[in-house]
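The values are calculated or read from the model by the stated rules, or taken from the named source; none is laboratory data. Since the structure is predicted, the reported quantities are computational estimates derived from the model, not experimental observations. All Cβ positions, even for glycine, are placed from backbone atoms using ideal geometry, and neighbour counts span all protein chains on display.
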């Protein structure tokens, strides 16, 4: 049974259909979330929040796009909410953040530095980079997930790369 049939069954009151939707998608949702937030507990919490949101929002699913595309949007929004909350916490713990920044880190690879810089990008650019680089999505799929054109995704990705390089060079000097 495809996702649309499961959704229709759920909307008619079949809770087992919802459970099947969760079962089908929970691994990639958790994996995608973990790849982005880099913390298992946070990834599990966000994944749970995603499926709670799905449960209460399925009646608004319009069957105009694939369910997975709609689900990606929910995942991205929940991840953005997570980072927004983290940012608020960091404002109140600036001194602690400065102390942590002084400590040497175990990994100083360019990849980790770039991942750190990714979170300093504007939200829209960050979403595109995370989907393109960390989820290996095509620009066409990114366009569908974020409800933009494929070309807009390409242009925004290019701008994000320029911004990343600029942020990287300001913080670390020459890009290697």
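Of the residues that sit in region 114-128 and are over 12 Å from the mean Cα position of the chain (by Cα) and under 17 Å from residue 85 (Cα atoms), which one is modelled with the lowest pLDDT?
Just the residues of region 114-128 that are over 12 Å from the mean Cα position of the chain (by Cα), to begin with: 114-117, 120-122.
With the extra rule that they be under 17 Å from residue 85 (Cα atoms), the set shrinks to 116, 120-122.
Numbers: 116: 76, 120: 81, 121: 86, 122: 89.
Across region 114-128, the extreme among qualifying residues is 116.
Inside region 115-176, counting only helices (runs of 4 or more DSSP H) that do not spill past its ends, which hold 2 or more residues that are closer than 20 Å to residue 29 by Cβ?
Working: elements: 123-129, 139-146, 150-172.
Helices (runs of 4 or more DSSP H) meeting the threshold: 123-129, 139-146.
Which residues, counting only those in region 59-73, are in a loop (DSSP other than H, G, I, E, B) and touching a residue at least 40 places away in the same chain (Cβ under 8 Å)? Within region 59-73, 61, 63, 65, 66 meet the criteria. If you go through region 134-147 and keep only what is modelled with pLDDT under 80 and under 12 Å from the mean Cα position of the chain (by Cα), you end up with 134, 135. Beta carbons closer than 8 Å, at least 6 apart along the sequence or on distinct chains, pair a first residue in region 150-176 that is in the same structural domain as residue 132 (by TED's automatic domain parsing) with a second that is at pLDDT below 80 and not in a helix (DSSP H, G or I) for 165/175; 168/175; 169/175. The set of residues in region 36-46 being touching a residue at least 60 places away in the same chain (Cβ under 8 Å) and either surrounded by 15 or more Cβ atoms within 10 Å (Cβ to Cβ) or in the same structural domain as residue 113 (by TED's automatic domain parsing) (or both) consists of 36 alone. Output yes when any residue across region 55-67 is modelled with pLDDT under 80 and either surrounded by 11 or more Cβ atoms within 10 Å (Cβ to Cβ) or farther than 24 Å from residue 171 by Cα (or both), and no when none is. Scanning region 55-67 turns up no residue that is modelled with pLDDT under 80 and either surrounded by 11 or more Cβ atoms within 10 Å (Cβ to Cβ) or farther than 24 Å from residue 171 by Cα (or both). Scanning region 145-165 for residues that are surrounded by 20 or more Cβ atoms within 10 Å (Cβ to Cβ) and either farther than 24 Å from residue 116 by Cα or in contact with a strand residue (DSSP E or B) (Cβ under 7 Å, 6 or more places away or on another chain) (or both) gives no hits.
Against the test of being without any contact (Cβ under 8 Å) to a residue 24 or more places away in the chain and over 20 Å from the mean Cα position of the chain (by Cα), the options 24, 12 yield a single qualifying residue, 12.
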